[in-house]
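Each value in this text was obtained by applying a stated rule to the coordinates, not by laboratory testing. Nothing here was measured: the structure is a model prediction, and the numbers come from that model. Using ideal geometry, Cβ is built from the backbone for each residue, glycine included, and neighbour counts are taken over all protein chains shown.
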Amino acid sequence: MPRRRTVLISEPQSIDYPFPYLPYMWAVLKSSWERHGEDRDAYTWLEPIYANDFPEPLVAPSSGQPIDVLGLSCYTWNWNLQCAIAERVKARNPHCLVVAGGPEPDYKDPDFSRKYPFIDLIVEKDGEITFNKILAKALHGDRHWDDIGGLWIPDGEGGRLRSTGPAEIPAVFDYSPYLDQTAYYERLITQWKPGVVHATLETNRGCPYACSFCDWGSNIMSKVRRFDMSRVKTDIEWLARMQIGMLMCADANFGILERDLEIADWVNGTVRTAGYPRQMTYHAAKNNPDRVIAIAGKFVETGICAIHILAVQHTRDEVLAATDRANIPTAKYVEVVQAMLAQRVPVMVQLILGIPGDSRELSKACFGDLMEWGVHEDYDVYFYSLLPNAPAADPAFRQRWQIGTIDRYIFTGTAQPWKPAELDIRSNRSRLLVESTTFSREDWVQMFAYAMMIKALHNASLTRLIAAYLRLTHGVPYQTFYEGVVDDFFRRDPLTRPWFERLADCYRAFLESDDARDRIPVDELPRLPITLEPSRWVSVQICRQLTAFFDALARYLVARFPQVRLLESVIDYQREMIIVPSYDRDRGKSFRTEYDWPRYFSEAERRTGAESLAEPAPVAGAIVEITDRECGELRYHLRREMRYLVRPLDWGAGDDQDRWAAWIEQVVVQRNSAAKRNFQQVQLRLPAAVAAPA
């Protein structure tokens with residue numbers, strides 16, 4: 001009796017990601033074969049590769065048996081590792097058919113087969129139907145693939161691949177791969193504590209947009225194909241029953257369909273009844289503000305998504321048009337922002353620096369626009385990654401914009417610290433766009449240096465209160481304020497100039513050295529085992545010399561705005577609000593103020609730049625009392641109760657260097673958020689004569 005053939009699916013997650021993800025593509029492909037394949041029992045499906053480790057331990061569990069088909073789910077974060085796995089499997093199983101899918105394989109590369117001789121086929125677009133046809137042919141030893149659409153196969157001699165024509169893609173999604181493969185998943189989840197494992201949720205596939213930097217709309221197909229609602233509900237209930245900690249919705253535009261409101265209610269329902277998932281991430285629809293606002297409000301109510309992520313990329317129409325995103329008007333984003341502010345939902349904005357059409361001046365204007373909209377919490381700044389199957393990788397696009405690129409190791413999390421170590425086979429280079437017709441490489445350096453200064457000064461609220469006061473009460477545009485502080489004060493003052501130069505040099509080194517990373521060590525803390533993202537490094541430098549910094553800043557600002565009578569008072573208030581290791585949580589702190597700044601900034605918190613605010617009320621002899629014991633993000637929880645995701649403001653009993661290291665870990669390393677960096681438990685105690693009724 002002939003042996004059953006074997007299939008191994010490999011989908012390792014990013015090395016940067018600390019939590020295990022359920023292997024989803026394995027279930028999708030296995031269930032598709034078992035339901036629609038030629039002979040469901042013809043293949044033994046080996047347990048999938050889903051962790052990120054070195055190749056040998058990943059392939060070891062299956063090394064004792066022949067592997068007939070290896071399927072690779074390839075993304076930018078696992079491409080090198082997938083190639084290493086395929087090379088090892090092929091060496092031990094020369095007749096193994098290696099099939100690569102996902103957005104990363106560059107099937108247009110004329111040297112692909114020479115570079116990757118261990119890969120036999122590339123599947124374009126959705127994989128279920130195409131992979132079933134491959135398995136059916138492989139079952140009979142047939143290696144003629146031209147009658148299967150959606151493949152890229154070697155084109156005779158040389159390294160070029162050729163297409164077999166359009167792919168056949170599924171239009172009906174009426175069953176749950178999770179439910180089909182429950183037995184395996186239950187065994188897997190028992191290895192972990194409840195709430196640790198993360199998982200993927202699909203409710204549709206496709207994207208109607210074709211942004212040049214993204215391979216979603218162009219490579220996966222523009223038509224949005226809906227999953228059967230009974231399947232979606234089954235998946236949500238199953239994932240809650242499995243006690244999934246974080247749910248990642250893989251839809252390109254959640255909220256694009258009216259039914260997404262009902263799906264959001266289902267997710268919230270499992271949170272209320274089962275307590276899972278504990279968190280959720282999703283890509284909000286771009287052109288449907290009413291539904292996006294409603295969905296964000298629902299998720300805030302249960303606390304599973306307490307901050308709204310706005311994928312703006314840029315605020316200027318000319319830049320968005322250059323990247324084929326002009327069909328998503330910025331007015332839509334402004335509408336969402338205003339609604340989020342009204343609902344007291346924090347907004348984090350995702351930006352891409354270095355889009356063709358961008359420039360130093362336009363990138364500065366982008367940050368100014370966000371502040372004027374009332375968005376201050378966090379700007380998540382990304383490199384422009386030139387994905388191999390995105391429109392920007394097309395030779396015509398590259399020629400039009402005279403694109404220059406570098407290949408560098410980057411982090412999947414923009415703020416993630418780095419513990420310097422040797423790079424290994426699991427690390428992946430990304431192709432980054434660093435020059436175009438509208439900006440030079442030095443412009444690119446200055447754009448990122450300015451962005452990191454904005455994140456350090458404004459998002460982390462080292463100068464945000466000062467900027468808000470000048471804008472709301474004295475009409476100084478945010479962009480005007482920060483251009484002065486960054487381009488004049490930081491570049492010229494003897495204290496701050498070395499910090500700015502170190503920041504710019506970090507990005508120049510990143511341009512010049514293949515192995516450089518955009519991280520800076522804190523030289524003053526040699527025992528600190530990590531290097532920091534540049535904006536956080538700047539924050540550390542400022543906080544370590546807080547008094548000297550604010551003395552210098554006050555001299556600059558008072559000279560620049562001599563007509564602003566309360567400027568020195570607001571500068572003092574901003575300085576006192578910053579958490580540093582000298583703070584003792586058991587004692588708290590207090591300081592005098594002559595003006596009611598706590599009330600002023602409470603009223604200013606959610607105003608746009610166009611909404612003016614009167615000067616704070618005088619309160620001669622008042623005391624500001626601070627009682628913070630923890631540091632965290634304020635979040636909603638079930639039944640509209642409030643809770644904090646917190647860490648204690650406790651620096652330990654070590655020496656000065658240990659205390660600074662603990663402070664960096666607790667306050668600096670995570671999001672650039674005022675809730676992390678500034679005191680939150682603030683009260684104003686008035687003098688008895690003022691507080692007593694007349």
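Details
- In order along region 475-483, phi translates into HN-Hα couplings of x, 7, x, 4, 4, 4, 4, 6, 4 Hz, rounded to whole numbers, per the Karplus curve 6.51 cos²θ - 1.76 cosθ + 1.60 with θ = phi - 60° and x for Gly and Pro.
- If only the Cβ of Lys and Arg carry +1 and only the Cβ of Asp and Glu carry -1, the dipole of region 450-500 around its Cα centre is close to 100 debye.
- Length released on extending from ARG647 to THR44, taking residue separation times 0.36 nm less the Cα-Cα span: 212.4 nm
- Under 5 Å from the amide H of VAL224 lies no amide H of any residue 5 or more positions distant or on a separate chain, with H modelled from the backbone and absent for Pro and chain starts.
- Whole-percent P(r), region 469-604, all Cα pairs, 5 Å bins from 0: 2, 8, 15, 18, 19, 15, 11, 8, 3, 1, 0.
- From helices alone, the chain scores -10500 deg cm²/dmol at 222 nm; the rule is -39500 (n - 2.57) for each run of n ≥ 4 DSSP H residues, then divide by the residue total.
- The relative contact order of region 5-163, computed from alpha carbon pairs under 8 Å that lie at least 6 residues apart in sequence, is 23 percent.
- Cross-link reach is defined here as a Cα-Cα straight distance under 15 Å, omitting same-chain residues fewer than 8 places apart; for LYS286 the aspartates and glutamates meeting it are ASP251, GLU258, ASP260, ASP317, ASP324, GLU335.
- Folded to 0 to 90 degrees: helix 546-560 orientation relative to the chain principal axis, Cα: 70
- Computed lengthening from ARG162 to GLU318, 0.36 nm per intervening residue step minus Cα-Cα distance: 52.5 nm
- Here region 392-548 is treated with +1 on each Lys and Arg Cβ and -1 on each Asp and Glu Cβ, and its dipole about the Cα centre works out to around 400 debye.
- Computed on the chain, with alpha-carbon pairs under 8 angstrom and 6+ residues apart, the relative contact order is 10 percent.
- Relative contact order [Cα under 8 Å, 6+ residues apart], region 384-460, whole percent: 36
- Distance (nanometres) between label positions extended 7 Å along Cα→Cβ at ASP16 and ARG555: 4.0
- Magnitude of the charge dipole, the chain, Cβ model with Lys/Arg +1 and Asp/Glu -1, debye to 20: 820
- Value of Rg to Rh for region 365-423, rounded to two decimals, is 1.08; Kirkwood radius and Rg both from alpha-carbon coordinates.
- At R0 = 45 Å, FRET efficiency that the Cβ-Cβ distance of THR273 and LYS419 yields, to 0.05: 0.65
- Highest to lowest packing among 442-454, 511-523, scored as the average C-beta count within 10 Å: 442-454, 511-523
- Rounded to the nearest 0.05, the FRET efficiency derived from the C-beta distance between ASP658 and LYS589 at R0 = 22 Å is 0.55.
- ASP394-GLU34 pseudo-label distance in nm [points 7 Å out on the Cα-to-Cβ vector]: 4.1
- Signed unit charges on C-beta, dipole axis of region 5-163, positive-most listed residue ALA91, TRP145, TYR75: ALA91
- Modelled FRET efficiency - R0 25 Å, ARG685 with VAL580, Cβ distances, 0.05 increments: 0.65
- Sequentially through region 570-575, phi angles give Karplus couplings (6.51, -1.76, 1.60; θ = phi - 60°) of 6, 5, 4, 5, 4, 4 Hz, Gly and Pro residues having no value and appearing as x.
- Nearest 10 degrees, 0 to 90: helix 497-512 Cα axis against the chain principal axis: 10
- Distant-in-sequence amide H partners of GLU435 (H built 1.01 Å from N, under 5 Å): GLY404
- Positive-end residue, region 5-163 charge dipole about Cα centroid, Cβ charges, pick of LEU135, PRO18, ALA100: LEU135
- Measure of compaction for region 232-299 (Cα Rg per 2.2 N^0.38 Å): 1.05
- Computed from backbone phi, the HN-Hα couplings of region 171-183 come to 10, 10, 10, 10, 9, 9, x, 4, 5, 4, 10, 4, 4 Hz, rounded to whole numbers (Karplus: 6.51 cos²θ - 1.76 cosθ + 1.60, θ = phi - 60°; Gly and Pro given as x).
- Around the amide H of ILE122, modelled in the peptide plane, lie the amide H atoms of ALA100, TRP152, all under 5 Å away and 5 or more residues distant in sequence or on another chain.
- Between 0 and 90°, nearest 10: helix 534-544 axis offset from the chain longest Cα axis: 30
- For the pair region 2-77 and region 367-446, the centres of their Cα atoms are 31 angstrom apart.
- Going from the fewest other Cβ atoms within 10 Å to the most, the residues ILE153, ILE352 appear in the order ILE153, ILE352.
- For the chain, the pair-distance distribution built from all alpha carbon pairs, in bins 10 Å wide starting at 0, is 3, 13, 23, 25, 19, 10, 5, 2, 0, 0, 0 percent.
- With one equal scatterer per alpha carbon and no solvent term, the Debye-computed log10 I(q)/I(0) for region 5-163 at 0.08, 0.20 1/Å reads -0.20, -1.43.
- Considering only the chain, percent of DSSP beta bridges that pair antiparallel, nearest 5: 50
- The slack in the chain from TYR382 to HIS140, taken as 0.36 nm per residue of separation less the alpha-carbon distance, amounts to 82.4 nm.
- Exceeding the 26 Å Cα-Cα cut-off - candidates LYS125/LYS193; LYS233/LYS298; LYS115/LYS419; LYS419/LYS455: LYS125/LYS193; LYS115/LYS419
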